[in-house]
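The values are calculated or read from the model by the stated rules, or taken from the named source; none is laboratory data. What you see is a predicted model; the values in this text were computed from it and never measured. Here the Cβ positions follow ideal geometry from the backbone for every residue, glycine too, while neighbour counts run over all protein chains shown.
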Amino acid sequence: MRHGSGRWAVVWLAGVGLAVAATCGLGLGGSLSPHVRADAALAAAVAPRTKAPPYTIERAISDRAPQTTTISPLSALRGATVTITGTRFGAKRGTGMVRFGATKCTRYLSWSATRIRCRVPAAAAYGALAVSVRTARGTSTTTSFTVEEPTPTPSPSPVTESFTLTSSAFTDGGTLPVVYAGDGAGLSPPLAWAGAPAGTLGFAVMMTTLALDGLKWNWVLYDIPAGVTTLAESTAGVGTVGLSSDGPELRYYPPMSKGPGPKIYTFTVYALSAAPAFDVPAAEVNGAILTTAIAPITLASSQMSVTYTRTEESR
């Protein structure tokens, strides 16, 4: 091989090693000729250097996606409040959402970059589910959570003939006056009961309706003293008010159904042998949680149902 071709062999083989280059361009005495040394320097300058893997769009999105750390509690009933901690949730919810399995959460109490408080959806499937947080930046890894089924009542709460519930505003099977509905003043109605069994230490009152997506609560009231047997219209200061199914405030939520036709609303008073106990703060007690808590301490119950129909104009 001629000396000139040896020079280009150095450049071409620079990435492989200078040993080949030396073979092609050794001068007298076993040393590299000046031309070969110059070409070796050039080869080192243009030789490719090892680089880190490219920072792809997919990797960038993954690095910005939310990450969940914990969910507390790890199991709860539908409607219960859960707290999810992690990172990169965003300071505000915006279009963010939490999924319990395939069901989207619709009730959020708070949302920050590292903490989300929301309620287990009423339509969430029972059993173990994967909970994830989704934002505009991506979807988090999933966290396991169990939706508990309500504890079945060993036997129906006894409805005794001696324990009765009445109202001065309507009769059982009658119509709910508009003043107690969302189309009117939205006041809580007057109720009265009598004939509580011996051993009664307190009462609870709930107003429910069976909607297309399950049982809903308009009114949740408990810790009513045993000496109280009436609730005045638009009552206040008696017992403890729980969460309804229609809003975040602890109050009576009047009927506001958007569907056509009459809806049935049921008022139930429970005579209790003890005060109900909860595993959640009072501000988080809803109808489902109260129902489970009073099941083993209910001595008797009495109820009355009314209907209410919204006009086309009010829907």
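Determine whether Ala196 is under 25 Å from Ser273 (Cα atoms) and small (Gly, Ala, Ser). Considered against the rule, which asks whether it is under 25 Å from Ser273 (Cα atoms) and small (Gly, Ala, Ser), Ala196 comes out as yes. Test Val285 against the stated conditions and say whether it is surrounded by 15 or more Cβ atoms within 10 Å (Cβ to Cβ), modelled with pLDDT under 95 and among the β-branched types (Val, Ile, Thr). Yes. Across segment 222-229, a minimum of one residue is classified as touching a residue at least 60 places away in the same chain (Cβ under 8 Å) and either in the same structural domain as Ala288 (by TED's automatic domain parsing) or surrounded by fewer than 14 Cβ atoms within 10 Å (Cβ to Cβ) (or both).
Among the residues of segment 60-75, write down those that are modelled with pLDDT under 85 and of a type in the set (Gly, Ala, Ser). Once the filter is applied, which keeps residues that are modelled with pLDDT under 85 and of a type in the set (Gly, Ala, Ser), segment 60-75 yields Ala60, Ser62. Only residues that are of a type outside the set (S, T, N, Q) and surrounded by fewer than 18 Cβ atoms within 10 Å (Cβ to Cβ) were counted in segment 264-282, giving 9. Would it be correct to say that Ala300 is surrounded by 15 or more Cβ atoms within 10 Å (Cβ to Cβ), farther than 17 Å from Leu215 by Cβ and modelled with pLDDT of 90 or more? Yes, satisfied.
Take the conditions (1) farther than 14 Å from Trp217 by Cβ; (2) surrounded by fewer than 17 Cβ atoms within 10 Å (Cβ to Cβ); (3) of a type outside the set (Phe, Trp, Tyr); Glu249 misses just one of them, which is (1).
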